[in-house]
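Below is one structure, written out as structure tokens; comments come after it.
The values are calculated or read from the model by the stated rules, or taken from the named source; none is laboratory data. Since this is a predicted model, take the numbers as computed values, not measurements. For neighbour counting, all protein chains shown are included, and Cβ atoms are generated from backbone atoms with ideal geometry for every residue, glycine included. Note: areas computed on protein heavy atoms with side chains; ligands, DNA, RNA excluded. Shrake-Rupley method; radii C 1.70, N 1.55, O 1.52, S 1.80 Å.
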Amino acid sequence: MLEVTNLHTYHGYLHVLRGIHFSLQKGETLAIVGSNGAGKSTLLGTLAGIYAPQAGNIVFEGEDISELRAEQVVAKGIALVPERRQIFDSLSVKDNLILGSYHRFRRDRQQVLRDYEKMLHFFPRLQSMLDRPSGLLSGGEQQMLAIARGLMANPKLLMLDEPSLGLAPLIVKSIMEILQQLKQEFGTTIILVEQNVRAALGIADYACVLERGQIVISGAAQEVAENPAVRDAYLGKGKKAM
Amino acid sequence: MKTNIKLIYSRSLKGPLVLTFVLLALPFLIPSPYFLGMMVLIGFYTIVGTGLSMLMGYAGQISLGHAAFYGVGAYTSAILTAKMGMPALAGIAAGALVALIIAYIVGVPTLKLTEHYLSLATLGFGVIVFIFFKQLKGLTGGLDGFFGIPPLEIFGFEFTTDFAYYYLVWPLAICSILFARNVIQSRVGRALRSIHGSETASSALGVNTQKYKLQVFMMSAVYAAVAGSLYAHYVTFISPQLFEAMASIHFLIMVIIGGMASIWGGMVGAAVFVFLSEGLKEVIPLVMSNASGEFEIVFFGVLLVALLIYMPEGLVPALAKTWKNLRRKKDSGGQNSRNAHMELEDEKEVQVSMVGGGER
Amino acid sequence: GKSSETNADQNKKASENSEPIKIGGVFSASGSAASLGKPEMDTLKMMADKVNAEGGINGRKIEVVAYDDKSDQNEAVIAIKKLIEQDKVVAVIGGTISGNSLAMIPQAEKAKIPFISVAASKNINKPVKKYVFKTAQGDDVVIPRVVEYLKSQNLTKVAWLSVDNPYGSSGKEEFVTLAKDAGIEIVSSEVFEATVNDAKPMLTRVKQKNPQAIVIWGTAQESAIVTKNVRELGIQVPIIESHGIGNKKFIELAGEAANGVIFPAGRLLVVDQVPADNKQKPVLEAYMKIFQEKYNYAPSTFGGHAWDAFEILIAAIKAAGDDPEKIRAAIETGTKDFTGITGTFNMSVEDHNGLQSDSLAIIEIKDGKWTLKDN
Amino acid sequence: MNQAAPLLEVRNLTRSFGGVMAVHDVSFDIFPGEIVAVIGPNGAGKTTLFNMITAILPATSGSIRFYGQELIGKKTFEIAQMGITRTFQNLQIFENMSVIENVMTGMHIRGKTGLLGAGFRLSQVAREERTMLEKALEYLEAVGMAHKAYESAAMLPYGNQRLVEIARAVAADPKLILLDEPMAGLNPEESRELVDVILKMRNKGMTFLFVEHDMETVMSTADRIVVLDYGGKIAEGTPEEIYNDPRVIAAYLGDEGGLEC
Amino acid sequence: MGDMSQIVQLLFSGLTIGSIYALIAIGFVIIYNITGVLNFAQGEFAMFGALICISLVGTGMPYLLAILLSIVAVVMIAAMFERVAIYPARHSSVPTLIIITIGVSIALRGIALFIWGTDPYHLIPLTAGDAFNLGGAIIQPQSLWAIGISVISLVCMYIFFEKTFIGKVVIACVVNRFAARLMGIRPEKMSLISVSVSGGLGALAGIIIAPISGATYNMGLMLGIKAFIAAVIGGLSNAPAAILGAMIIGLLEAFTEGLWTTGFKDAVSFGILLLVLFLLPNGILAKSSGKRV
Ligand SMILES: Nc1ncnc2c1ncn2[C@@H]1O[C@H](COP(=O)(O)OP(=O)(O)OP(=O)(O)O)[C@@H](O)[C@H]1O
Ligand SMILES: Nc1ncnc2c1ncn2[C@@H]1O[C@H](COP(=O)(O)OP(=O)(O)OP(=O)(O)O)[C@@H](O)[C@H]1O
Ligand SMILES: [Mg+2]
Ligand SMILES: [Mg+2]
């Protein structure tokens, strides 16, 4: 369904992605981990059409989308929940959610409204603040909103950039459950960039480690989790006494 | 880790020295009194522009009313010297002082506003001051203007020629630039810039943002007032029309053309502004005989827009960047592909960090 | 003083080479005052061509260097400096609007170059400045005519409305003093902006004072709006205006409301109605004809000021050569009984304008046409 | 538990936003040299609490004392000058400056140069600049960002910007530092490194109050934990006490507890 | 102090001028909402609307057709302006963008000067009818047109921005252009549409004011500045509030001029505005900006 070959992206003169290869089938979940500045966000941004790759191909459902711009990529059924949340802060929570479905709003308004109800069900915390300017929410509430807005796009491929950032453990868990549910019910393909490695590997089929713009370790999630290097860096050498 | 202050601040005196030298030689290289006159004007504008770029480019506070301070300087000095017979130097100092006080009074409430509200408030301030120039006929002569301002005299030397004025204004302009540069490259400058970056964070780090905004506002007001006083003694006639809202906008244009977040921007902008408007007067009739003023206006507008579209940061930063890129290219031996890429990237939203987001 | 000496030196040299004599012009050919400045600029160029076609002065051609100040004082100052320092002209004609003329005066005085202003404000020539002359009727010439008219009609309680610029304010100053002497009471005195959109708010105040007549002192556009507003508010008293509305535009803009408006103006507007025995008539007709032929629009009284300035200057150059100092003296002493477009000039040491009230006719707008009411 | 007088005393602190009680009647103490964590579900009022301590938001009622001095009514910059600095959950990096200048701005209150002194470049200014620069580099080194000192702060990846903010807050050499989710965006290894930095700073005499959702960090770093829920304090105690508090488990950690040990 | 008829007269004068400011101010707000640009060329749209309409009527074209055509023409000018000047500069800083629009307005004014010269022009009123008397005040039919059209625009804008999906989309573009694109919205398209629409509104304002105060090439400058003030007082992102702001300015001007002085009219208006701003630093009807740290 998604095939990425030899992807190179620059920020100005900075060569950030240095030849990324991977492919995903429908309904699979890929977790990406890596240290600060490894290029994770750049990778998702490139896939979403925010950054233009200098070289390489992104083939989605048999179509090369590497030349498309962000708004065109969305129309193909790819949604990104970006880093830093990027909500519409002066618009109400409700408007934010509805805008998430922009590319399909006119086509199936009824479905959008049903999905909207579903989001409130997923994130009950948002229910009491539907008419508040979303910029006034707490950090975690905004993060929930950003994720819910991403889900409103009802994408075939959902990309999330550190969704658990700023969320309480209970909520992190429920998000992982929601992702699982999406996968099972709709066969949504998911790419997950996470620092909460344990949670991410818990739901992923595949995982890869990105370092300095290259994939250095990849494989089934379980395998990656057992890789000693990953264990040391991302899972902790045995937890501190608790 | 080696510390090297040069990596953040260029403090070399080489640039300013070369510039000063060139400026000193200029009247001999181009011995045209008309050209000298232009240069004197540019000198005044440089002083105003430098102050304004401190305020706008560094501290991030827009002012659409700086012509008012220019006018306050001009009128104060004019009234004191022509009507009360004070020496011109005292007039200039008094002009600066009055501007300082007005800036303080106006700044206290105004600088609490942000962005567009600030620009409206300063615009309003400019209009109000203009109206006072116009209506206080007893003091200012109203719209008829103010006559008989004596020429500047320092220690018995009268500055009556463009030549003399040139050597008065330009050293002063260079000094004002250096002063501004020193401020920028210090604790105070960082405080100012941090206000531009995030006022909340700035105050959470102990920066008294209101105080610094006020200080820089007052500083830029003094710059404008001094330039205004000098102007008054130079032309010996002033009228309110010279200090209208449009004049404030002209200052703004100069600063932005030059590059508001660069210390030389004010000077370069002033020079471009003056030579562009004067140059068009020469060029347009050559291209189209019997074209009148309107063509200059159209071309000026079009050039302004084109300049800013291609160099949104202004001339100085754009030239600096080009220079850097050239050197880099030389170093890396013609990697043209990268440049091609950069153009491609331009098509898409490159500067994510520039895009307003929930986080910022 | 240094620059003018070098000027003079060079000019002396120039005369030996029989190079053209340079005359400077600064007019507001664009910007807000363009409707005044354009015909002035055109007139000056036309006149130079005419003189040159006739062989120039004493065998030397005239070269007019004219700049457009865009109705901006700063530009005007730059322009006259350029004329004096770069182009080295022997004299300057210009300053379409009073503000620009006033702004240029110090430069001309400093460089000791004769400057003939074509703007109205009396501050230009009063007090007399050595190098400054004026060919437009100042308020000191026009206002007496207005007061005289008011008195003749027995209108003794009037409202005075003037535009908020030097033109309006100097008119007001003059009117206030003369009206007092003439026993006319100013029941309401107001200003309006040159950019006025709607003067009704201000006129509501005027209406309450029940004046017997309203004097509106401004140029065509703003005066038209105020005039219209006066009638819209249902005020039916006579309206007297300034010579600044002597422009077809006023009638077009004010529409119906223009009818009945009375104003003093140069005779150029009603040249066809001027009695044949008036000695201005041939000059006016000549100007009308050659200007219309060359530029294809009717000349205005403002262009007439430029015509007069040019003629006066040329006469002085003919008599005195190309030395600015001598030209100045020649203008001052040599301009006697010169009949121009604006009127008959008699300059002297005390009077650098030289016009009398008789240079104006009283005109009434009837059915959208200027009609000579009182010659 | 701690004998010394409290560094910060928070008493009955309350803040409402048009009826919604974001923080309600919260009281607690912080003693010198402590590391105290504030945890709680999203929207519990943690950030609002921080905003009140630093006077970015006025409190509706209650009192905050620092070294016995009332903070309510003071301005944000005065509080910073008294020795409390902070980082932000929504990053507030100065994007118009380089990384090192960000940190040097953090040292603002430690400098003296005024506008005129700077403009005329008095001799002590150069000295002050040099020491500031050196110190700033040290702080950057401490958080592992020295190699990016001269880069533009705007271009840094998210995690690095967090580190710069921390270095910037520490550079003021405050008595008390408030960190709002310092670990967000850092991977586990990077978090552990940051914890080490915090511990080292504590040994130098700084006191920390921080908000964090990463239980591993909280449990391993904090001496004491304050738990908020719906604006109110529901528990306070040592990590062990909190970890086993049924109310905290229900409201925040989840049934199985925060860590799958 | 004035009597009743004077008050009514001033009220109508204020509302009439206010309505014209309002139409331009809405254009201001629309462009600001979508592109984040404070468009100082807004007044020039009014100027072109008025002058083109006058020229068309001058050719003997039916009045309504002329109005329609001139609006279309200005919409096209606005669209070109967006493509040529706003779109390429979309990443620039606020002051740069302000100056770009000032540059455009300078150029547009120059072009108008070239075509129409400096002469003022006059347009016949929309409807002939006589002025009528209301409580001693004389009201021109054109005033009613101005007020009516701006009220209608107010209602339309309110519904558009507050009640329709596309209105939200439009706001989303300026609140967070980056996120808007991630939702599949094309900010460029919105920007083109919005600038064109506000061009049309500006043209309409110009056509309404032309019979009242005539039209010249430089009428746009002052109208633009007044509209800017109105928009800012209203809080900038809120069209109904901008209309309120415009009415406040119109009334303030009329009443200071009518009851006190003309010379200090602008000073009084600005002075009061500044006072208001100092008390309500985010405009009179400011909505929460939704920013916190
Ligand atoms: N807009 C930009 N301009 C220039 N450089 C950039 C830009 N965005 C990112 N970079 C650089 O690209 C590199 C990769 O950044 P990226 O944001 O992809 O990292 P990341 O893996 O997502 O890190 P983090 O975990 O901190 O979010 C970094 O070195 C960063 O400095
Ligand atoms: N300015 C405001 N206006 C209205 N409500 C607000 C405002 N600021 C905060 N709130 C509300 O107050 C509550 C507490 O917010 P706060 O940001 O303090 O939560 P938090 O504990 O920091 O949450 P998180 O862990 O998600 O960051 C939230 O429900 C939030 O929506
Ligand atoms: Mg990232
Ligand atoms: Mg928080």
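If only one of B:293, B:314 is away from ligand 1 (no atom under 16 Å from the Cβ), at pLDDT below 75 and surrounded by 19 or more Cβ atoms within 10 Å (Cβ to Cβ), which one is it?
B:293
Results for (1) modelled with pLDDT under 90; (2) open to solvent by less than 10 Å² (accessible area, probe 1.4 Å); (3) of a type in the set (Val, Ile, Thr); (4) within 14 Å of the chain's Cα centre (by Cα), shown as yes or no for each residue.
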{"position": "D:16", "(1), (2), (3), (4)": "no, no, no, no"}
{"position": "D:21", "(1), (2), (3), (4)": "yes, no, no, no"}
{"position": "D:26", "(1), (2), (3), (4)": "no, yes, yes, no"}
{"position": "D:34", "(1), (2), (3), (4)": "no, yes, no, yes"}
{"position": "D:51", "(1), (2), (3), (4)": "no, yes, no, yes"}
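Of a type in the set (D, E, K, R), farther than 27 Å from residue C:239 by Cα and either at pLDDT below 90 or surrounded by fewer than 20 Cβ atoms within 10 Å (Cβ to Cβ) (or both): does that describe residue C:366?
Working: of a type in the set (D, E, K, R): yes; farther than 27 Å from residue C:239 by Cα: no; either at pLDDT below 90 or surrounded by fewer than 20 Cβ atoms within 10 Å (Cβ to Cβ) (or both): yes.
It is false that residue C:366 is of a type in the set (D, E, K, R), farther than 27 Å from residue C:239 by Cα and either at pLDDT below 90 or surrounded by fewer than 20 Cβ atoms within 10 Å (Cβ to Cβ) (or both).
Listed here are the residues, each with its yes/no results for (1) within 16 Å of ligand 2 (Cβ to nearest atom); (2) within 14 Å of chain D (Cβ to nearest Cβ); (3) out of contact with any helix residue (DSSP H, G or I) (no Cβ under 8 Å at 6 or more places or on another chain); (4) over 30 Å from residue D:152 (Cβ atoms).
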{"position": "A:8", "(1), (2), (3), (4)": "no, no, yes, no"}
{"position": "A:11", "(1), (2), (3), (4)": "no, yes, no, no"}
{"position": "A:32", "(1), (2), (3), (4)": "no, yes, no, no"}
{"position": "A:38", "(1), (2), (3), (4)": "no, yes, yes, no"}
{"position": "A:44", "(1), (2), (3), (4)": "no, yes, yes, no"}
{"position": "A:77", "(1), (2), (3), (4)": "no, no, yes, yes"}
{"position": "A:82", "(1), (2), (3), (4)": "no, yes, no, no"}
{"position": "A:87", "(1), (2), (3), (4)": "yes, yes, no, no"}
{"position": "A:101", "(1), (2), (3), (4)": "no, no, no, yes"}
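Which of the residues spanning region D:65-76 are surrounded by fewer than 23 Cβ atoms within 10 Å (Cβ to Cβ) and either within 16 Å of the chain's Cα centre (by Cα) or within 16 Å of ligand 3 (Cβ to nearest atom) (or both)?
Residue satisfying the conditions is D:66 alone.
Please name all residue pairs, on different chains or six or more residues apart, with Cβ atoms under 8 Å, provided the first residue is in region D:206-226 and is closer than 22 Å to residue D:51 by Cα and more than 9 Å from chain A (Cβ to nearest Cβ) and the second residue is among the hydrophobic types (A, V, I, L, M, F, W, C) and within 16 Å of ligand 3 (Cβ to nearest atom).
Within 8 Å, the pairs are D:212/D:183.
For residue B:214, indicate whether it is surrounded by fewer than 23 Cβ atoms within 10 Å (Cβ to Cβ), over 20 Å from residue C:110 (Cβ atoms), at pLDDT 90 or above and hydrophobic (A, V, I, L, M, F, W, C). Step through it out loud before you land on a result.
On the way: surrounded by fewer than 23 Cβ atoms within 10 Å (Cβ to Cβ): yes; over 20 Å from residue C:110 (Cβ atoms): yes; at pLDDT 90 or above: yes; hydrophobic (A, V, I, L, M, F, W, C): yes.
So residue B:214 passes the test.
State whether one or more residues within region E:52-68 are polar (S, T, N, Q) and open to solvent by less than 40 Å² (accessible area, probe 1.4 Å).
At the first step, the residues of region E:52-68 found to be polar (S, T, N, Q) are E:55, E:59.
If we keep only those that are open to solvent by less than 40 Å² (accessible area, probe 1.4 Å) as well, we get none.
So far as region E:52-68 goes, no, none of its residues is polar (S, T, N, Q) and open to solvent by less than 40 Å² (accessible area, probe 1.4 Å).
Would you kindly identify the helices (runs of 4 or more DSSP H) lying entirely within region E:124-184 that contain at least 1 residues that are surrounded by fewer than 20 Cβ atoms within 10 Å (Cβ to Cβ)?
On the way: elements: E:141-158, E:165-175, E:177-182.
The qualifying helices (runs of 4 or more DSSP H) are E:141-158, E:165-175.
Is at least one residue of region D:108-119 among the hydrophobic types (A, V, I, L, M, F, W, C), surrounded by fewer than 23 Cβ atoms within 10 Å (Cβ to Cβ) and in contact (Cβ under 8 Å) with a residue 12 or more places away in the chain?
yes
Cβ-Cβ below 6 Å, separation at least six or inter-chain, first residue in region D:33-55 and more than 14 Å from chain A (Cβ to nearest Cβ) and within 11 Å of ligand 4 (Cβ to nearest atom), second basic (Lys, Arg) and assigned to a loop (DSSP other than H, G, I, E, B): which pairs?
Final answer for the pair search is none.
Residues that are within 16 Å of ligand 4 (Cβ to nearest atom), of a type outside the set (Ser, Thr, Tyr) and touching a helix residue (DSSP H, G or I) at 6+ places or on another chain (Cβ under 9 Å), at least 3 per element: which strands (runs of 3 or more DSSP E) completely within region D:173-261 meet that?
It comes to D:176-180, D:207-211, D:224-229.
Restricting to region A:47-75, and then to whatever is part of a helix (DSSP H, G or I), facing chain E (nearest Cβ under 10 Å) and surrounded by 18 or more Cβ atoms within 10 Å (Cβ to Cβ), can you tell me which residue is farthest from ligand 3 (Cβ to nearest atom)?
Residues of region A:47-75 that are part of a helix (DSSP H, G or I), as a first pass: A:47, A:70-75.
Filter again for facing chain E (nearest Cβ under 10 Å), leaving A:70-75.
Checking the rest, the ones that are also surrounded by 18 or more Cβ atoms within 10 Å (Cβ to Cβ) come to A:70-71, A:73-74.
Values: A:70: 17, A:71: 22, A:73: 19, A:74: 20 Å.
Across region A:47-75, the extreme among qualifying residues is A:71.
What do you reckon, is residue C:32 at negative phi and assigned to a loop (DSSP other than H, G, I, E, B)? Write out each step before concluding.
Numbers: at negative phi: yes; assigned to a loop (DSSP other than H, G, I, E, B): yes.
Yes, satisfied.
Taking into account only those residues within region A:93-112 that are over 23 Å from the mean Cα position of the chain (by Cα) and not basic (Lys, Arg), which is farthest from ligand 3 (Cβ to nearest atom)? Before you say what the answer is, go through the steps one by one.
Within region A:93-112, the first condition is being over 23 Å from the mean Cα position of the chain (by Cα), and the residues that meet it are A:106-110.
Then drop every residue that is not not basic (Lys, Arg), which leaves A:108, A:110.
On the way: A:108: 33, A:110: 36 Å.
Once the filter is applied, the top-ranked residue is A:110.
Please count how many residues of region A:1-35 are open to solvent by 30 Å² or more (accessible area, probe 1.4 Å) and without any contact (Cβ under 8 Å) to a residue 12 or more places away in the chain.
Number of matching residues: 2.
Just one of the numbered conditions (1) within 14 Å of chain D (Cβ to nearest Cβ); (2) more than 16 Å from ligand 3 (Cβ to nearest atom) is not true of residue A:178; which one?
(1) is the only condition that residue A:178 fails.
Mind counting the residues in region B:117-136 that are in contact (Cβ under 8 Å) with a residue 24 or more places away in the chain, open to solvent by 20 Å² or more (accessible area, probe 1.4 Å) and of a type in the set (Ser, Thr, Tyr)?
Counting residues in region B:117-136 that are in contact (Cβ under 8 Å) with a residue 24 or more places away in the chain, open to solvent by 20 Å² or more (accessible area, probe 1.4 Å) and of a type in the set (Ser, Thr, Tyr) gives 0.
Under 6 Å between Cβ atoms, at least 6 apart or on separate chains: pull out the pairs that start in region E:107-131 with a residue that is away from chain B (no Cβ under 14 Å) and end on any residue that is part of a loop (DSSP other than H, G, I, E, B) and buried (at least 19 other Cβ atoms within 10 Å of the Cβ).
Close Cβ pairs (under 6 Å, with a partner that is part of a loop (DSSP other than H, G, I, E, B) and buried (at least 19 other Cβ atoms within 10 Å of the Cβ)) amount to E:120/E:214; E:120/E:216; E:122/E:214; E:131/E:140.
Which numbered condition trips up residue E:44, out of (1) more than 22 Å from the chain's Cα centre (by Cα); (2) away from chain C (no Cβ under 14 Å); (3) among the charged types (D, E, K, R)?
Every listed condition holds for residue E:44 apart from (1).
If we only count helices (runs of 4 or more DSSP H) wholly inside region A:83-181, which ones have 1 or more residues that are basic (Lys, Arg), within 16 Å of ligand 4 (Cβ to nearest atom) and open to solvent by 10 Å² or more (accessible area, probe 1.4 Å)? Please lay out each step first, then the result.
Details: elements: A:93-100, A:102-105, A:109-122, A:124-127, A:139-152.
Result: A:124-127.
Is it fair to say residue D:192 is more than 16 Å from ligand 3 (Cβ to nearest atom) and at pLDDT below 90? Write out each step before concluding.
Details: more than 16 Å from ligand 3 (Cβ to nearest atom): yes; at pLDDT below 90: yes.
Yes, satisfied.
Working carefully through the options A:17, A:44, find the one that is within 16 Å of ligand 1 (Cβ to nearest atom), part of a helix (DSSP H, G or I) and over 21 Å from residue E:175 (Cβ atoms).
Working: A:17 fails: part of a helix (DSSP H, G or I).
Among A:17, A:44, only A:44 is within 16 Å of ligand 1 (Cβ to nearest atom), part of a helix (DSSP H, G or I) and over 21 Å from residue E:175 (Cβ atoms).
Taking interchain pairs and intrachain pairs at least six residues apart, which have beta carbon atoms under 6 angstrom, with the first residue in region C:205-217 and within 14 Å of chain E (Cβ to nearest Cβ) and farther than 21 Å from residue C:170 by Cβ and the second open to solvent by 10 Å² or more (accessible area, probe 1.4 Å) and aliphatic (A, V, I, L, M)?
What qualifies is C:207/C:235; C:209/C:187.
Tell me the residue from B:169, B:188 that is closer than 30 Å to residue B:244 by Cβ, of a type in the set (Val, Ile, Thr) and either within 19 Å of the chain's Cα centre (by Cα) or within 14 Å of chain D (Cβ to nearest Cβ) (or both), please.
On the way: B:188 fails: closer than 30 Å to residue B:244 by Cβ.
Criteria check complete, one pass: B:169.
I'd like to check something: does region A:193-211 contain any residue that is over 17 Å from the mean Cα position of the chain (by Cα), within 14 Å of chain D (Cβ to nearest Cβ) and within 16 Å of ligand 1 (Cβ to nearest atom)? Spell out the reasoning first.
Restricting attention to region A:193-211, the residues satisfying the condition of being over 17 Å from the mean Cα position of the chain (by Cα) are A:211.
Of the ones still in play, those that are also within 14 Å of chain D (Cβ to nearest Cβ) are A:211.
Checking which are within 16 Å of ligand 1 (Cβ to nearest atom) leaves us with A:211.
Yes, that holds for at least one residue.
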